[in-house]
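Taking it in order: structure first as structure tokens, then the write-up.
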Amino acid sequence: MLIQVVLHLTVAACAPLLVRWWGRRAFWVLALPSLGTVVWALAQTPAVVDGRGPSEMIRWAPEIGLELGFRLDTLAWLMTLVVAGIGVLVLLYCADYFEDDEPDLGRFSAHLTAFAGAMVGLVTSDNLLLLYLFWELTTVLSYLLIGHVNQDEKSRSAATQALVVTTAGGLAMLCGLVILANAAGSYELSTILAHPPSGTVVSWAVFLILLGAISKSALVPIHFWLPGAMAAPTPVSAYLHAAAMVKAGIYLVARFAPGFAEAPPWRPTILILGALTMLVGGYRALRQHDLKLLLAFGTVSQLGFLMILVGAGTREAALAGVTMLVAHALFKSGLFLTVGSIDHATGTRDLRKLSGLRRSTPLLFWSAVLCGASMAGVPPLLGFVGKEAAYTSLLYADAAWGVPLFVVVMLGSILTFAYTARFLWGAFGTIPGKEPTSVHPLHPLAVAVPVTLAAASLVAAPLSGLGEPYLDGYVDLWPAGSHPAHLGLWHGLNLVLLLSLVTLALGAVLFAWRSRVAHLQQAMPEPPSAISAYRLFMRGLDRLSLEVTGGVQRGSLPLTLGLILLVLIVLPGGSILLGGSMPASVRAFDNPAQLGVAVLATVAAVAAVRSRRRMRGVILVGVTGYAAAVLFLVHGAPDLALTQTLVETLSLVVFVLVLRRLSGRFDENRDIRHRTIRVTLGVLTGAVVTGATVVAAGARTQLPASVGWPKTAYDYGGGGNIVNVALVDIRAWDTMGEISVVLVAATGVASLVYLSSERLSATRARVRDTRSRRGEQAADTTGGWLPEGDNAPRELRSLLLEIVTRVIFHAIMVWSLFLLFVGHNQPGGGFAAGIVAGLALTVRYLAGGAGELRAALPVMPGLLLGSGLFLSAGFGVVSMLAGGDVLQTWDYDLHLPLIGELHLVTSVFFDIGVYLVVIGLVLDILRSLGSGLDAQINRAHEEVNR
Amino acid sequence: MTVNLTLAALAGVLVGCGVVLLVSRSLVRALLGVLLMSNGVNVAFLVVSGDPGRAPLVTKETADTAVIGAGGISDPLPQAMVLTAIVITLAVTAFALALAHRSWQVSTSDIVTDDTEDTRIGDLAAKNDLADSDYGDLEDPYALSDEPDPEGGR
């Protein structure tokens, strides 16, 4: 069954391509997975009847109980035949319904095919979480399909409405499923149903699960999304909103009924809501002018009917329920597709405009009559068989609710007959004095598919008696009642047949008196409307979000930040004051040097706050950074000290590069009141941070998480520098995320400076140019060490800097490589090495300008960033392909003659990736904030001179 | 665990000074504030990460016997985190400076002005104006229409 699902999804993934190649004819191919599923399910019939239906179980995530568990029992077999069978017909219908130039047809076809697969998975899955997964998959696909015409605001809002309502129910259901699984001790559906748990908690779980079913199957009071969903193309309505998705709720109730129908919330919820739904849907269907809406409210009514039957929890009602389920799928999809064809042929679905279609589309008319007759419960059609069984099961039920429900169902069936007659008369009848509506010729499949469905309704009825034993596997889950129901067209002259005839007669009267009924309906007070309540609720949410946003987000950055900081001060600060316990022991410092450095850093920080000059502020902040580096060193963290020092230096360079374009002083008003607030905020935040640091450090009771690291780092990570092993192995995922952030930031810098793709391509052209020139220079060895230095403007050149650069550039690069490769065992590693290399490039840039930078590294930064991330991520994939975990490390000791032992660790490739990303970042900074700004400055100068 | 008060106090001072700079309207000042704060937080990491020790470097001989904490090596895990933070800060610095430069290009100032969209939403909230809501219309679109069906109940 997994194969069937995967096949659907695979074909769905290819669907856009197929549609591009073959246009709408691609639907012929897209129907194949569903067809295959039908054939497969039919082939399994003997096994299913014997109770030996196939089952599959593939471990997926056993820790949370999520397994790929499927099984084909009688109910699943029946549902599979229905959803896949109707799926084949609807997909074929699409091949003649759409035009080749229908917008977004590729996307639509993919969604519809994937939906068929999700439905098959839903009805066959034997794992609660898997079931939920498919359940929500159908919800999301339904959202996409309803909103297919996404330029239309109405269609979008209908899609959102369906999504909001059904996912809300779905979430409730998920809670219910989890509670149920906990109570039962298993997520396996068949296990739970074999030994259903009970108790208060289980009752709640059952209620929550029913909420999911109610929302999916559009029961009152949340039925309104279904008429809204008619914004979807008609094949979607026929499939999702008649035959398949709305049946998911029915299926769920049918599935759980054998185990949980006796749970306290079950019958009150299902039977009352089902009864209400059947009546409300029928009542409203009587007054719709849009044929599709008429059918939609009819579907609501029928879903209520089905819910009563499958939820009643008796053998007879279940038999009637599954029969009606099949009958409804056949006639309702047939009717929807008929409406689709009418819409296609005439351009309207309004029954006030349609006239004379009985003569112009006779085949469609007769198939609609058959489908309609089945819906209205007229013999000799399958709908009649189902309704006879339903009447029997309710009228003779061994329970007090039997007769009242029978009355409801009979009233509902009278309404059903009346709105069916109205549908047929409205769609195909002739309006006196009105010209027959002009009809475009229909493609063959647009007629053939409804006719097939109508024929199935007709043929299945006399055969239903023969088919009954095939359903035993499901209905035998209950004991037989005192008055058994059977399928068939003729059970002799009895009370039920009489009541059926009365139903038809009263329905006919209701139709004949349609004017009077209409006036009566108008005179009746409008019932409270569920959709208005929904909209009121959603508007309330909008209102709430508006008030909260308007109250909190005033648009002022300092105010927003201040609000966040205030939360920090009040909540953690308050809890420190109220409940923070002071540490058992404190000390002033570990080392007197800490005190000196701390004083220095404090002075620098306060001075930085008071500084009015930009550059002074930058340097003072830099002092605190270097101070932090010293503190790292004293603490025993040489890697941090090294990296911090290097980053601090590079930051200074970056600041200088940008601040040369800005004014020398901070231009800000010096409002005393604001300053007081800011300083108060700062003091309080600082106090909270100190307090939190002390309390947190003192509250520690556990050993560090890294207790075993020295050994694992050496034995598994293959390195002696534990911090580096942590970065490239133990916590490599973190590092991967981090270099992605670096890449994003670098890209952001470039995009903020270059702004237009022309400037970027100009830069790229210059880089390419330099690269080819470098090639020639290398060939005739005339390049020298500062090959482009002579091209720099004379006034910008510094002899001292040029000579120093010539001397130290290559030494720094060698040191950077040394740091990179030694980093696994000694302080260093990809980050530090990358920044060192970046500083070497910075020196080249400062000495020789933009041209020299290009000569030093004639590539675009994107190449380094991209290949670096590729190398790191690729290493993860390679180690996975090699059979290990993602980012697992291997090390090899090579015994080389003469050289001795060479220790190779695979994670060095990961570190090289980090190295390249960091160099890419620096190159990007130098090229954007350095040469990019140089060019802007030059342009500004030229404009001034001109 | 013994808590180092000097470092804890320094962390508070750096973060506090950083906050004063952060809540100003100049982008560059705010960036300097972020840098001060991140230095402060990194120092706070030193305090909570446990006792100082030797550098977390081991060899084949010491790998099995190395202990973390007083008398042994310093805890390597927080160091890996801080190292990551330092490099991210560099990337953030570059990005914020590019932003400041862009702001300067556009308005010869790095002052952050109030967000107009936020102001607009604030005004809407003050006026209780729900014009932006998709649910302004509470009407039931499928209500039974008042107009009677033409031609005999249609």
Review point. Using a 1.4 Å probe on protein heavy atoms only, how many Å² of accessible area do A and B hide from each other, summed over both chains and rounded to 100?
Key: 11700
Practice item. Can you tell me the dipole magnitude for chain A around its Cα centre, using point charges on the Cβ only (Lys, Arg +1; Asp, Glu -1), in Debye to the nearest 20? Key: 2940
Study note, to complete from the structure: Check: C-alpha center segment A:805-875 vs C-alpha center segment A:335-370, spacing in Å is 74
Exercise for review: In nm, give the distance between the simple-model label positions of B:Val106 and A:Val878, each being 7 Å from the Cα along the Cα-to-Cβ direction.
Suggested key: 4.4
Practice item. May I ask you to list the lysines whose Cα is less than 29 Å away from that of A:Lys711, ignoring any residue fewer than eight positions away on the same chain? Key: B:Lys60
Review point. Can you tell me the accessible area per residue over segment A:265-512, all protein chains present, probe 1.4 angstrom, in square angstrom?
Key: 33
Check your understanding: Rounded if a/c is under 1.5, else prolate if a/b is larger than b/c, else oblate: which is segment A:9-69, with a ≥ b ≥ c the root eigenvalues of its Cα gyration tensor?
Key -> oblate
Practice item. Output the peptides B:107-117, A:430-440, A:592-602 sorted from most to least packed, where packing is the average of other Cβ atoms within 10 Å over each peptide's residues. Key: A:592-602, B:107-117, A:430-440
Check your understanding: Using the Karplus equation 6.51 cos²θ - 1.76 cosθ + 1.60 (θ = phi - 60°), what ³J(HN,Hα) coupling, rounded to whole Hz, does each residue of segment A:314-329 give in order, writing x for Gly and Pro?
Key -> 10, 4, 5, 5, 5, 4, 4, x, 5, 5, 4, 4, 5, 4, 5, 4
Check your understanding: Among the aspartates and glutamates, which have Cα under 14 Å from the Cα of A:Lys387 when same-chain residues fewer than 8 positions away are ignored?
Key -> A:Glu316
Practice item. Could you state the angle between the C-alpha long axis of helix A:32-43 and the longest principal axis of the C-alpha atoms of chain A, as a value from 0 to 90 degrees rounded to the nearest 10? Key: 50
**Study point:** Global form of the protein assembly as shown, assessed from the alpha-carbon gyration tensor, a/c cut-off 1.5
**Key:** prolate
Point to revise | Residue-averaged 222 nm ellipticity for chain A, from DSSP H runs of 4+ at -39500 (n - 2.57), nearest 500 | key: -24000 deg cm²/dmol
Check your understanding: Over all residues in A:733-745, what is the mean tally of Cβ atoms on other chains that come within 10 Å of each residue's Cβ?
Key -> 3
Study note, to complete from the structure: Residues whose modelled amide H sits under 5 Å from the amide H of A:Trp60, counting only those 5 or more places away in sequence or on another chain, are A:Leu68
Point to revise | Added length on full extension, which subtracts the Cα-Cα distance from 0.36 nm per residue, A:Ala47 to A:Ile803 | key: 263.3 nm
**Study point:** Reachable aspartates and glutamates, given that their alpha-carbon falls under 15 Å from the alpha-carbon of A:Lys292 and they are not under 8 places away in the same chain
**Key:** A:Asp343, A:Asp350
Check your understanding: Given the pairs A:Lys154/A:Lys247; A:Lys216/A:Lys332; A:Lys154/B:Lys127; A:Lys154/A:Lys434; A:Lys247/A:Lys353; A:Lys216/A:Lys353, which are separated by over 23 angstrom at their Cα positions?
Key -> A:Lys154/A:Lys247; A:Lys154/B:Lys127; A:Lys154/A:Lys434; A:Lys247/A:Lys353; A:Lys216/A:Lys353
Point to revise | For segment A:239-246, Karplus couplings with θ = phi - 60° (6.51, -1.76, 1.60), whole Hz, Gly/Pro x | key: 8, 6, 9, 9, 9, 10, 5, 5
Point to revise | Among A:240-249, B:127-136, the order from most to least packed when residues are scored by Cβ within 10 Å on average | key: A:240-249, B:127-136
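The values are calculated or read from the model by the stated rules, or taken from the named source; none is laboratory data. Just so it is clear, the structure is predicted and the values come from calculations on it, not from any experiment. Glycine also receives a Cβ, built like all others from the backbone with ideal geometry; neighbour counts cover every protein chain displayed. Side chains included, ligands, DNA and RNA excluded: accessible areas come from the protein's heavy atoms. Shrake-Rupley method; radii C 1.70, N 1.55, O 1.52, S 1.80 Å.
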